[in-house]
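Step one of this worksheet: look at the structure below.
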Amino acid sequence: MSEKAKSFEEAMLRLNEIVEALDRNDHDLESSITLFEEGLTLVKQCDSQLKTFEKKVSELMVKYSDDSNV
């Protein structure tokens, strides 16, 4: 995986690819562990991004909760 963080969508697509690859069971153990580790890294990244998104949505809800135009 590249050192640059992937967008949430890119990370989810890559996670899907990893799950499919592991489900096919056509990798040796070492490759499977490498894929599994990459998947765990992506899960951690996605979780962090989701928490950031949730915080932003909460802030926006508070900011605009008194605005009758919303």
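The values are calculated or read from the model by the stated rules, or taken from the named source; none is laboratory data. Predicted, not measured: the structure shown is a model, and the values here were computed from it. Backbone-built Cβ (ideal geometry, glycine too); neighbour counts: all protein chains shown.
Brief remarks follow.
- Odd one out for E3 among (1) at pLDDT below 95; (2) in contact with a Lys or Arg (Cβ under 7 Å, 6 or more places away or on another chain); (3) of a type outside the set (A, V, I, L, M): (2)
- Of residues in the stretch 1-37 being out of contact with any helix residue (DSSP H, G or I) (no Cβ under 9 Å at 6 or more places or on another chain) and polar (S, T, N, Q), the one nearest to F53 (Cα to Cα): N16
- Residues being touching a Leu at 6+ places or on another chain (Cβ under 9 Å) and in a loop (DSSP other than H, G, I, E, B) - total across the stretch 25-46: 1
- When A5, A21, A11 are checked against the criterion of being surrounded by 13 or more Cβ atoms within 10 Å (Cβ to Cβ) and in contact (Cβ under 8 Å) with a residue 40 or more places away in the chain, a single residue qualifies: A5.
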